[in-house]
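The values are calculated or read from the model by the stated rules, or taken from the named source; none is laboratory data. Keep in mind it's a predicted model, so treat the numbers as computed, not measured. Every residue, glycine as well, gets a Cβ built from its backbone with ideal geometry; the counts of neighbours run over all protein chains shown.
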Amino acid sequence: MAVKTMVQTIRDTLYGEMERDPNIIVMGEDVGMGGVFRATDGLRAAFGEERVIDTPLAESGIVGVAIGASLNGLRPVAEIQFADFILPAFNQIVNEAAKMRYRSGGDFWCPLVIRVPYGGNIKGGIYHSQSVEAYFAHVPGLTVVAPAFPYDAAGLLRAAIRAEDPVLFLEHKFTYNAIRGEVPADDHLVPIGQAEVKRPGKNLSVFTYGLMLHYSLRAAEDLAKEGLEAEVVDLRTLLPLDKETILASARKTGKVLIVHEDSKTGGLGAEVSAIIAEEGFEYLDAPIKRVTGPDVPAVPYAPPLEEAFMPSPEKVLHAMRELAAY
């Protein structure tokens, strides 16, 4: 085992996969120079400019070319520099990549990974802090994953690269250097579509992902000092959701809190809530509660306003206490 940051893990996993499979290419804005977050640092020197391709500033082109490459036997890993810039590629992702297998009756498929740094708490302002998962977790034919720990990032990235259909791979920017963890030296895989209980508990369940997982774990530790145990479930895969793990935890504790930094209305928490309401309602001892970002257009730049926007361990702990006391 080696202890690595999230960004080191992404970089090392890309290197290992490119070494394993010569059909894997990496493409995106400035990836040849290592990218804004250094996630592709050293790849061009190791694999050459034919496999590590700097692209124009045109997200629709990046994804469109990656789709074409995938249809011709390559396995592209396309980087969108910031999640905020992904919308010009929305049509390519939703109407082309996600529907390729379906519209061709299984004659064509699209093995494609789109890496997307997302999320706030980095003083990035309106166009460098957005969470976009809810847009894409609505799309059949697409897989959406959001690892929170280096172990999961390595295993899910390998699984995504080896998948036969398109995967949106969300990487929370704040976790890149802030989160460290053990990563096995072997070629381990984390199965897509499986959530994981990161902290067992009996008094309430917390469903979350990304940076909010770390905030929820911190809040759960503080709650434990008060004699209450929160079970914290890392969704990891946002599409498809792991209904079995979600319902098992909800049945176990009877109280549910959902935490995400994306805005509340139409967010992923609404779908988790619907699953529990439809298939686990009789096990609930309290209304489902959500801690989310507010319904405002984007994360503000001013630090006090960003702090007001972002969920925090303190906000999560407050919600846990209210739910436990219901």
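Among the residues of the range 109-142, write down those that are of a type in the set (A, V, I, L, M, F, W, C) and at pLDDT below 95.
So the first thing to find is which residues in the range 109-142 are of a type in the set (A, V, I, L, M, F, W, C), and the list is 109-110, 112-114, 116, 122, 126, 132, 134, 136-137, 139, 142.
Passing the criteria: TRP109, ILE122, ILE126.
Pick from THR208, THR143, THR237: which is within 28 Å of TYR102 (Cα to Cα) and not assigned by TED's automatic domain parsing to the domain that holds VAL65? It would help to see each step written out before you state the result.
Values: THR208 fails: within 28 Å of TYR102 (Cα to Cα); THR143 fails: not assigned by TED's automatic domain parsing to the domain that holds VAL65.
Matching residue, one of THR208, THR143, THR237: THR237.
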ask   = Hey, any hits in the range 40-57 for a residue that's over 25 Å from VAL183 (Cα atoms), under 21 Å from the mean Cα position of the chain (by Cα) and crowded, with 21+ Cβ neighbours inside 10 Å?
value = no
ARG115 vs (1) of a type in the set (D, E, K, R); (2) assigned to a loop (DSSP other than H, G, I, E, B); (3) under 22 Å from LEU268 (Cβ atoms): all pass except (2)
*Report whether or not VAL299 is part of a loop (DSSP other than H, G, I, E, B) and buried (at least 16 other Cβ atoms within 10 Å of the Cβ).*
yes
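Considering only the range 161-177, how many residues are touching a Lys or Arg at 6+ places or on another chain (Cβ under 9 Å) and farther than 26 Å from TYR127 by Cα? Break it down into steps so the answer makes sense when it comes.
Taking the range 161-177 and keeping what is touching a Lys or Arg at 6+ places or on another chain (Cβ under 9 Å), we get 161-162, 164-165, 168-171, 176.
Next, from what is left, pick out any that are farther than 26 Å from TYR127 by Cα: 161-162, 164-165.
Matching residues across the range 161-177 total 4.
Here's the yes/no breakdown for (1) touching a residue at least 24 places away in the same chain (Cβ under 8 Å); (2) on the phi < 0 side of the Ramachandran plot; (3) touching a Ser or Thr at 6+ places or on another chain (Cβ under 6 Å):
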site	(1), (2), (3)
GLU244	no, yes, no
THR253	yes, yes, yes
VAL256	yes, yes, yes
VAL259	yes, yes, yes
THR265	yes, yes, no
GLU271	yes, yes, no
ASP295	yes, yes, yes
MET320	yes, yes, no
Of all strands (runs of 3 or more DSSP E) fully inside the range 140-192, the set with 3 or more residues that are in contact with a strand residue (DSSP E or B) (Cβ under 9 Å, 6 or more places away or on another chain) and surrounded by fewer than 21 Cβ atoms within 10 Å (Cβ to Cβ) is 180-183
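Looking at LYS202, LYS198, which is the one that is free of Cβ contacts under 8 Å to residues at least 60 places away in the same chain and surrounded by fewer than 17 Cβ atoms within 10 Å (Cβ to Cβ)? Walk me through it before giving the result.
On the way: LYS198 fails: surrounded by fewer than 17 Cβ atoms within 10 Å (Cβ to Cβ).
Being free of Cβ contacts under 8 Å to residues at least 60 places away in the same chain and surrounded by fewer than 17 Cβ atoms within 10 Å (Cβ to Cβ) holds for just one of LYS202, LYS198, which is LYS202.
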With criteria (1) modelled with pLDDT of 95 or more; (2) buried (at least 18 other Cβ atoms within 10 Å of the Cβ); (3) in contact with a helix residue (DSSP H, G or I) (Cβ under 7 Å, 6 or more places away or on another chain), GLU279 comes up short on (2)
Log entry, pairs with first residue in the range 50-70 being more than 17 Å from LEU87 (Cα to Cα), second being of a type in the set (Lys, Arg), beta carbons closer than 8 Å, six or more apart or on different chains, reads VAL52/ARG44
Query raised in the report: Does ALA248 count as buried (at least 22 other Cβ atoms within 10 Å of the Cβ) and either among the small types (Gly, Ala, Ser) or assigned by TED's automatic domain parsing to the domain that holds PHE169 (or both)?
Result: no
